[in-house]
Every structure is written in C-alpha cells, then in structure tokens.
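For reference, the structure is listed below as structure tokens.
The values are calculated or read from the model by the stated rules, or taken from the named source; none is laboratory data. Please read all numbers here as calculations on a predicted model, not as lab measurements. In this analysis, Cβ positions are derived from the backbone assuming ideal geometry, glycine residues included, and neighbour counts consider all displayed protein chains.
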Amino acid sequence: MSVTEQTENRGTSADTGRGASTAPSAGPRLATAGRTDTGQVRPLNEDSWQIAGESETAHLWEQRGQLLVVADGMGGHAAGEVASQLAVETLYQQYYDEDDVPLPPAIRLERAVTEANLSVYEQAVTVDAQSGMGTTLVAAVVHEGRALIANVGDSRAYLIRDGQATQITTDHSWVAEQVKLGTITQEQAQTHAYRNLVTRCLGHRPGMQVDIFEHRLRTGDTLLLCSDGLSNQVPDSELAAVLTEQEPEQAVQTLIDTANEQGGPDNITAVVARVIELPAWLAEVEAATERPERLASKTTQPVRMEREQIEAATLAEAAGEPGAVASHRLRNTGRRRIQLSPRRRATLLLVLIALLALLAVVTLIALRAEKILRWLAWPPTSATRSAPQTWLSPQRFLDAPVVVWARSLASV
Ligand code: CA
C-alpha cells in the first residue's frame with residue numbers, strides 16, 4: 001500500500017507526521033513522529049492517531065504536557081474509522097479544553113478518555129449505520145519528567161530504554177486473559193483465532209474503566225504507541241532494535257514496512273516520542289529529593305496508578321509544588337488508616353480473649369450455680385436448707401435478684 005507524505009500531526013488513512021518539540025523552558029524536549037498504513041489485506045484503514053501540535057497546544061504544555069494518541073476502530077460499514085477518529089478528536093479537544101481548572105494531567109487524561117468513550121457511545125446508539133462501533137485507545141502525556149499512559153483495549157504503549165522494549169500497558173483482550181489464566185501460551189496467543197477479540201473498548205457502554213500508568217522518563221527514552229497491526233507482526237526485540245538505532249521519523253516507516261513484509265494483515269499505526277532533553281530544573285529537584293539509584297530502580301517497572309492514587313495525587317498536587325509531586329505522587333495513597341504496633345495488637349488480642357473467657361465462666365456459673373453451690377456448701381445438701389442464713393448460704397445466693405436475673409438470661 002502506498003504511503004502519502006504529509007506534515008500534519010494527525011492521521012487516519014495512510015499518512016505520516018513528525019515534530020521536534022522545543023519547548024517551553026519548563027518542559028522536556030521531544031522528537032515525535034507518527035504514521036499509519038492500511039496494510040496488505042484490509043480494504044480500509046480504521047486506525048487513527050494524533051500528536052499534539054506545537055502551534056496549537058504548546059502554550060498549555062507547561063501545565064498539561066504533550067499528548068499523543070493511537071486508536072484502532074471496530075465496526076462494519078466504515079464505522080470503525082468513524083469511532084477511532086471521533087475518539088481521538090474528542091480526547092484531544094477535552095484534554096486541551098481551555099478551562100482554568102487546575103487539574104493534574106492524570107485526572108485530566110482520565111476524564112478526557114471518559115468523554116471520548118461517551119461521544120463514541122452516543123453516536124453509536126443514535127446513528128443506525130454506526131450501531132455497535134467501538135475503538136481501542138492508547139494515549140500518552142509527556143509532562144515534566146514523566147509519561148502518563150491511558151489505555152483501553154489492545155493497542156499498546158512501550159518504553160524503549162537501553163535497547164530493550166518494555167510493554168507498559170496491559171492488553172484488554174481475550175487472549176491476554178487466557179495467557180494470564182495459563183490456558184494458552186504467549187506464542188499461541190499471537191496466532192490464536194480470537195487474538196483480535198478485545199474485552200474492553202470505547203463506545204460499547206456509557207461507562208468503562210481506564211488504566212492509567214505513570215513512568216519516569218530519562219533522556220534518550222523512547223515511547224511507542226501502536227495498534228495491534230504492528231505489535232502482532234513485529235516482535236518486541238525488533239521494535240526495540242529499530243527504535244534504538246533510528247530517528248523517530250525513519251523508525252515509524254521502518255516498523256510499518258516490517259509489518260507489511262510479515263503480511264500486513266491488519267491496519268498498522270505507530271506513534272513515537274523520544275526524550276531529547278529533560279528540563280534542567282527537574283534534574284535538580286530529583287537530585288535534591290531522592291538518590292539517583294533509587295530513582296533508576298523505580299523507573300524500570302511500569303507503575304499502574306489506581307483510581308484512588310490518582311485522586312490522592314490531585315490533592316497532593318493541589319497542595320504542593322510540581323517538582324515534589326513528581327517525586328512522591330505514587331507514595332501518597334490518600335488513605336487514613338489507624339496503624340497499631342504488633343505489641344499493641346497482641347495486647348488487644350489478649351484482653352479480648354480474657355473477656356471472652358470471663359464471659360464463658362460467668363455463663364457456666366449461672367447455668368450450674370445451684371449444683372456448684374451445693375457442692376461447695378457445707379454442711380452437705382440435706383442440711384443446707386436448715387443451715388443458718390449466712391452470706392455463704394447457697395439458697396440465699398440463689399435467691400439474690402442479680403443471680404435470678406443472670407440465670408434467667410442464661411437459660412434463655
Ligand atoms: Ca487492529
């Protein structure tokens with residue numbers, strides 16, 4: 001399939017885009033590129049992508065970062081193309097909406113994905129020809145020294161660092177679930193008949209769950225967002241090699257060519273962002289707040305942010321300065337739990353056991369009081385009734401109102 005060269009920063013059918021953000025002083029400098037191709041088999045390209053352009057959004061990058069997105073549409077009669085385009089456009093508009101609300105990027109991103117879902121869903125239920133359409137969506141926001149990734153479906157985000165590609169997102173697909181359950185292997189999943197079946201997407205329900213991940217970035221890191229038309233055809237090791245050796249603009253073309261050489265059975269989309277330079281102030285903040293080795297180990301594993309963490313991060317960001325939030329947002333879960341030391345816990349347990357034992361003894365005594373008292377009493381039973389009415393007398397004890405009440409309780 002032919003590829004048309006364009007210099008825009010978005011696309012649906014065969015086109016390409018690139019950029020080198022320059023950046024406002026506070027943000028990282030990125031080299032970006034995006035390209036999509038119909039592939040060798042499908043009649044239409046239902047993938048869409050976009051990279052936030054400098055001329056339109058750079059004034060918001062310091063506060064919100066630069067947004068990149070890939071969506072892979074599904075549905076007959078070209079509805080898949082409509083779904084992916086609508087999702088990308090809505091996400092973009094919502095993310096860069098000109099409001100003054102000081103939302104942190106993670107919250108803003110999650111909300112924008114939720115809005116994108118609603119707009120696809122509303123169109124799918126109102127336009128007959130587009131009924132049942134849906135789309136995957138994977139989006140990245142590069143803000144300060146980190147990447148925030150939002151994912152719904154089986155399009156992927158990878159981090160390429162030191163020549164290795166690490167998948168950041170978790171696929172919401174039937175085969176991914178089966179691999180997790182151990183019923184099929186990773187190799188079987190790649191060729192399975194159901195490998196295109198997604199378990200989560202935009203447009204099918206008014207509500208859906210978005211996965212949000214956060215990654216610290218280093219200079220030289222490369223982010224790749226792609227549709228399954230690329231990740232199913234090109235192994236991770238080759239993604240890593242191409243994205244390590246080539247500049248983003250050349251790399252997206254090479255990746256698409258490679259997928260096409262493998263048969264190109266699906267639409268292929270790749271969006272790439274490479275960190276050319278991180279802001280100097282960020283390095284100073286990191287050096288002052290954490291030891292570099294700890295930072296390095298923290299960034300090698302993908303960190304999935306749960307909703308409550310995102311909400312906690314909102315509070316933290318609202319309260320503190322941005323640099324501090326970048327370092328500590330994942331630690332503050334916002335929960336207030338009563339923490340007891342092991343010693344106090346043991347003491348509490350002992351007290352509880354003692355109380356229960358006491359209760360058991362009292363109950364037993366109340367039930368068996370007469371027998372016990374007769375056994376304890378002196379002189380023995382026959383003489384008890386005629387014994388002097390001292391405070392030790394069993395009968396007097398048994399007739400006491402408290403004992404009568406306790407025995408009645410116990411016998412109930
Ligand atoms: Ca696809």
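Going by the conditions given, is T90 in contact with a strand residue (DSSP E or B) (Cβ under 8 Å, 6 or more places away or on another chain) and surrounded by 17 or more Cβ atoms within 10 Å (Cβ to Cβ)? Answer is no for this residue. Does L239 fit the bill of being touching a Phe, Trp or Tyr at 6+ places or on another chain (Cβ under 9 Å) and either at pLDDT 95 or above or closer than 30 Å to V127 by Cβ (or both)? Yes; evaluated as a whole, the condition is true for this residue. In region 183-235, of all residues being assigned to a loop (DSSP other than H, G, I, E, B) and within 13 Å of the ligand (Cβ to nearest atom), the one that is surrounded by the most Cβ atoms within 10 Å (Cβ to Cβ) corresponds to S227. Here A157 clears all of (1) touching a residue at least 24 places away in the same chain (Cβ under 8 Å); (2) in contact with a Ser or Thr (Cβ under 9 Å, 6 or more places away or on another chain); (3) of a type outside the set (F, W, Y); (4) surrounded by fewer than 19 Cβ atoms within 10 Å (Cβ to Cβ) except the condition numbered (4). Of all residues in region 59-116, those that are hydrophobic (A, V, I, L, M, F, W, C) and more than 16 Å from the ligand (Cβ to nearest atom) total 14.
Scanning region 243-255 for residues that are within 14 Å of C226 (Cα to Cα) and free of Cβ contacts under 8 Å to residues at least 24 places away in the same chain yields a single hit, T254.
Where in region 1-112 are there strands (runs of 3 or more DSSP E), lying wholly inside it, with at least 2 residues that are assigned by TED's automatic domain parsing to the domain that holds A139 and modelled with pLDDT under 90? Ranges flagged: 15-20.
The helices (runs of 4 or more DSSP H) falling completely within region 335-412 that include 3 or more residues that are at pLDDT 70 or above and aliphatic (A, V, I, L, M) map to 342-376, 401-411.
When E286 is tested against the conditions (1) more than 18 Å from V70 (Cβ to Cβ); (2) at pLDDT 95 or above, the lone failure is (2). Restricted to region 111-123, and to residues that are more than 17 Å from L67 (Cβ to Cβ) and under 26 Å from the mean Cα position of the chain (by Cα), which residue is surrounded by the fewest Cβ atoms within 10 Å (Cβ to Cβ)? So the residue we want is E122. Within region 149-182, if we keep just the residues that are assigned to a strand (DSSP E or B) and within 16 Å of the ligand (Cβ to nearest atom), the residue that is farthest from the chain's Cα centre (by Cα) turns out to be S173.
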